[in-house]
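The values are calculated or read from the model by the stated rules, or taken from the named source; none is laboratory data. Note that this is a predicted model, so its numbers are computed, not measured. Here the Cβ positions follow ideal geometry from the backbone for every residue, glycine too, while neighbour counts run over all protein chains shown. Ligands, DNA and RNA are excluded from the accessible area calculation, which covers all protein heavy atoms including side chains. Shrake-Rupley method; radii C 1.70, N 1.55, O 1.52, S 1.80 Å.
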Amino acid sequence: MESIELPAERERYEPGSEADFERLYRNTYRRILGTLITLVRDRATAEDCTQETYERAYRNWRGWRPDAPVEAWLHRIAINVAISDRRHQQLRSAGEMIRRLGRPAAGPDPSLIAENSDLVQALKKLPTKQAAALVLRHYHGYTNREIAAALGVPEQTVASRLGAARKQLQAVLGR
Amino acid sequence: MSDLERELEQELHRVLDPITALPIPARRQPEARRAARALLGGAGAALTVKVLTGVAVAAAAVTVAGAATTGSLNPADWGQQVTQQVADCKAQLADGQHGIGACVSSFASQHGSAAASAARQHGNGNGNGNAHAKDKNKAHPATPKSGSVPRGLDSEPADQAATHRTVTSTSHP
């Protein structure tokens, strides 16, 4: 499959640069949020996980190597955040609820479409890394190599994981 | 591309595109999050809440006891009452008579009873404090344990005038 140049990869970033990290945030926020919405239970959690992703990325920003695909790096962090969130879903602290208080209302909520989508609900039932592989491939258009970089696994593992994910998705959807 | 893959792509775009088109919020600052976590999360927060609750309950108990005894919420009034009582006791002494201990002690024991009663009443709203306060008052009289004399039998008044005879014990051969 032909490699697709990701939007964030067209930009050049300098590790450790505050301004560049802010630019990276602006350029990639929506795509990271889009992935996380399919992996965690609701939009509010996805937004929290997205912010957590950028906090973790910021802490390691000085150590990021410009030769590594930056969006795959961010996705790798985001998927780890999602896995961690699924583990601790029941222990989510009241602190996060309090933090959300005072945020402006989002108006007509397009996330209801996501929450009512059978496919999105089915994705949430898959193991996080399988669901992430499907979203990276079929929503973001990543190649297997880029997915491998994002998940931190060999390309062959990605191929088998995608196959297993499709099979399991069909089973969940009853097709 | 299979039907499933095609459907997957279409559905993901249909569902996710409207969400990802929303305005991008400001990036959360790590410092603010750490402060919120320290304040609101973990065992430290639970301990802080408990300590603050304990302090508040103790302060309320002291205030209620003081108010019940003196009719005032100002602790300075309690001290004034004791000072006044000492003066009264001195005034009640006859010429040549010494010692106001019993007189002041009587006032102090009244004060103690009133404070304990007020604390018990306050303790009714607090499960733990209530039971202990009642038990303490009933089961542990003011007499020292070593004497082991029941309170009801201890009706002999204090010998203020020192009229009692000294008892001397002699050893029998």
query = Quick check, is A:ASN80 in a helix (DSSP H, G or I), within 11 Å of chain B (Cβ to nearest Cβ) and not basic (Lys, Arg)?
reply = no
key: Sole residue being open to solvent by 50 Å² or more (accessible area, probe 1.4 Å), more than 14 Å from chain B (Cβ to nearest Cβ) and small (Gly, Ala, Ser), chosen from A:GLY16, A:GLY63   = A:GLY63
ask   = Here is a list of conditions, (1) over 16 Å from the mean Cα position of the chain (by Cα); (2) in contact (Cβ under 8 Å) with a residue 40 or more places away in the chain; (3) away from chain B (no Cβ under 14 Å), and A:GLN156 meets all of them except one; can you say which number that is?
value = (2)
ask   = Among the residues of the stretch B:14-32, which ones are open to solvent by 40 Å² or more (accessible area, probe 1.4 Å) and modelled with pLDDT of 85 or more?
value = B:ARG14, B:ASP17, B:PRO18, B:ALA21, B:LEU22, B:PRO23, B:PRO25, B:ALA26
note = Picked from the stretch A:1-49 (must be assigned to a helix (DSSP H, G or I) and out of contact with any helix residue (DSSP H, G or I) (no Cβ under 8 Å at 6 or more places or on another chain)), the residue modelled with the lowest pLDDT is A:ARG10
remark   = Checked against (1) more than 9 Å from chain B (Cβ to nearest Cβ); (2) more than 21 Å from A:TYR13 (Cβ to Cβ); (3) modelled with pLDDT under 90, A:THR128 satisfies every condition except (3)
message = Looking at the stretch B:1-25, I want the residues that are more than 7 Å from chain A (Cβ to nearest Cβ) and have a partner that is surrounded by fewer than 16 Cβ atoms within 10 Å (Cβ to Cβ) and of a type in the set (Val, Ile, Thr) with Cβ atoms under 8 Å, at least 6 apart or on another chain. Which pairs are those?
response = B:ARG14/A:ILE113
